[in-house]
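Here's the structure we're looking at; comments come further down.
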Amino acid sequence: MTITTLDGRAFAKFVAAGTYFLRKYRGVVDDLNVFPVPDGDTGSNMYLTARAAMAAAHKVRDEPLSVVAAAAAQGSLLGARGNSGVILSQMMRGFAHTVRHRETIDTFQLSVAMKDAVTAARTALRKPVEGTIITVAGAAADEAYHLAVREPDFYRLVTKTVRAANDALEHTPEQLPALKEAGVVDSGGAGFCYFLEGILHFLPDATVRATAFPRRPERRTVFAHKQAIGEYRFCTEFVLEDATVEAAELRDLLERKGDSLIVAGGKPTLKVHIHCAEPPDVRALVASYGTIAREKIENMEEQHHMLVVDAPRKPLGIVAIVPGDGFAGIARELGADAVVTTVAGANPSVRDLLVACNAALGERVVVLLNDPNARLAAVEAMKLAQMPIVIVPTRDVLRGFAVQLELANGADPDPEALLAAAGSLGVANVFFAGKATSVGGVAIAKHAPTAEIGGVVSTAPTLAELMVQTVATLGGEDGGLVTLYYGGAQKERDAQRIAALLGERFAEISVEYYYGGQPASQFLVSLER
């Protein structure tokens with residue numbers, strides 16, 4: 001099967017696929033982050049920006065390409081975080097502008113839109129720097145433009161475009177001394193490559209494949225002088241609504257207030273990103289030209305010290321209780337400061353939780369139960385702890401991951417609000433029955449494949465049939481991302497086989513799988529839209 005046209009639904013799926021890969025490798029990108037400042041959050045910022053674009057595109061996915069692209073651009077602008085996140089949002093805006101009158105596009109029109117996307121991002125920057133995401137995206141767009149004249153198939157075009165982007169990424173240390181000194185490639189460029197790889201991963205005819213990355217650089221204990229935080233230590237961002245100035249004019253007004261300046265968007269909504277010494281002065285200037293709807297101010301010097309110099313307490317620490325070593329790694333990647341890994345048939349002790357809360361180094365600590373049986377121990381730990389503890393009674397580790405994503409996006413640690421945000425996630429537990437029984441009128445034989453969804457159980461003759469049945473029950477016919485976490489007796493090849501089967505049965509879903517390591521079930525399954 002080949003793809004020769006791209007419509008709104010396909011574009012929405014491409015954005016989702018790229019976002020899922022950014023989520024998967026955000027920790028790797030964070031570890032590469034040394035330019036323009038070593039604050040270790042590029043992967044998280046790019047992921048959260050792409051996630052906002054994905055959510056906006058999904059709402060209008062049945063509309064023409066022009067509508068979906070415009071929605072993704074606006075969503076990414078409002079959700080943009082950090083230097084690379086704002087640049088990514090500006091690329092989406094440039095792409096949307098090029099396809100504004102089109103219901104579908106071919107590969108040549110895609111390549112033109114990619115080049116316009118890079119031009120839009122360069123325009124938003126006061127001083128574009130080579131060896132960054134701009135360079136990598138430019139190489140990808142140039143390769144696409146060169147190939148598109150004779151290549152009508154999106155799969156082959158994107159495959160070669162990804163290769164060109166990776167080649168450009170490899171050369172970024174030669175263009176930026178800070179990267180060469182640290183022995184890493186550019187983090188924003190790496191994030192862009194992951195985004196493209198995600199798209200390739202989910203194109204039709206694509207088998208499950210390993211990405212050309214991840215790189216896992218060894219983080220140094222101290223950055224060198226070139227990587228130190230300078231005078232402009234506050235990463236400051238605003239969304240300006242009802243703007244009375246154009247982006248270029250506001251950019252001129254802010255030029256002397258700091259560096260890493262980006263003003264993206266256009267009337268009536270602008271996004272401002274700047275590294276400055278006096279955020280209140282910058283805020284006052286920006287506010288004089290419209291209404292500040294959102295703002296974020298972070299001290300990058302504090303972030304830098306927390307990452308590579310020392311480990312001071314921070315406002316909020318996160319502890320996650322997980323049922324396997326694979327889940328432990330995922331929880332850390334999503335932002336958990338400490339994890340408590342349980343073994344089959346055992347719950348965490350009060351001592352385990354106290355040790356984890358202290359290790360989280362937070363002035364307050366959020367404890368994600370991820371298992372109702374852990375509640376009593378958590379309550380006792382809360383009584384004994386030296387810091388305030390907020391218990392979020394998540395029912396399982398997958399909903400715990402959803403809460404971690406909300407916290408990463410700046411949500412307040414309010415248990416009810418966090419649980420409500422995680423409530424839209426569909427979750428199933430698939431296991432082999434330990435004995436013959438009957439539950440809710442469903443007869444289950446000993447060792448039979450069994451699924452539990454919200455307290456309702458079902459069974460099927462084979463595990464494969466049950467997995468298809470389970471995804472259908474979760475709503476797989478309507479699309480979304482299905483994630484399989486394998487454990488029990490299942491191996492990677494088993495998860496790969498089931499993922500391929502689900503991809504064949506449900507045309508609208510994307511499927512990923514990870515090692516969870518849970519001993520008590522074969523698969524934990526989530527579906528998110």
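Counting residues in segment 89-107 that are within 21 Å of the chain's Cα centre (by Cα), closer than 28 Å to residue 153 by Cα and among the aliphatic types (A, V, I, L, M) gives one or more. The single condition among (1) open to solvent by less than 10 Å² (accessible area, probe 1.4 Å); (2) modelled with pLDDT under 90 that residue 53 does not satisfy is (2).
Residue 309 meets all of the listed conditions (1) at pLDDT 85 or above; (2) of a type in the set (A, V, I, L, M); (3) open to solvent by 40 Å² or more (accessible area, probe 1.4 Å); (4) more than 25 Å from residue 237 (Cα to Cα) but one, namely (1). No other residue among 12, 72 is touching a Lys or Arg at 6+ places or on another chain (Cβ under 6 Å), modelled with pLDDT of 90 or more and buried (at least 24 other Cβ atoms within 10 Å of the Cβ) apart from 12. Looking only at residues of segment 470-521 that are among the aliphatic types (A, V, I, L, M) and in a strand (DSSP E or B), we find that the one that is surrounded by the fewest Cβ atoms within 10 Å (Cβ to Cβ) is 481.
Restricting attention to segment 166-214, the residues that are among the polar types (S, T, N, Q), modelled with pLDDT of 85 or more and within 16 Å of residue 28 (Cβ to Cβ) total 3. Restricting segment 31-44 to residues that are in contact with a Ser or Thr (Cβ under 6 Å, 6 or more places away or on another chain) and part of a helix (DSSP H, G or I) leaves a set whose member that is modelled with the lowest pLDDT is 32.
Taking segment 324-371 as the range and being part of a loop (DSSP other than H, G, I, E, B), under 18 Å from residue 524 (Cα atoms) and open to solvent by less than 40 Å² (accessible area, probe 1.4 Å) as the test, the residues that pass are 324, 334, 342, 369, 370. Within the option set 434, 480, 455, being at pLDDT below 90 and either among the polar types (S, T, N, Q) or farther than 23 Å from residue 324 by Cα (or both) holds for one residue only, 480. Inside segment 441-461, residues that are in a strand (DSSP E or B), surrounded by fewer than 13 Cβ atoms within 10 Å (Cβ to Cβ) and of a type in the set (Gly, Ala, Ser) make up a count of 1.
The values are calculated or read from the model by the stated rules, or taken from the named source; none is laboratory data. These figures come from a predicted structure and were not determined experimentally. Ideal geometry is used to build each Cβ from the backbone, glycine not excepted, and the neighbour counts take in all protein chains shown. Ligands, DNA and RNA are stripped out before the accessible areas are found, and what is left, the full protein with its side chains, is counted by its heavy atoms. Shrake-Rupley method; radii C 1.70, N 1.55, O 1.52, S 1.80 Å.
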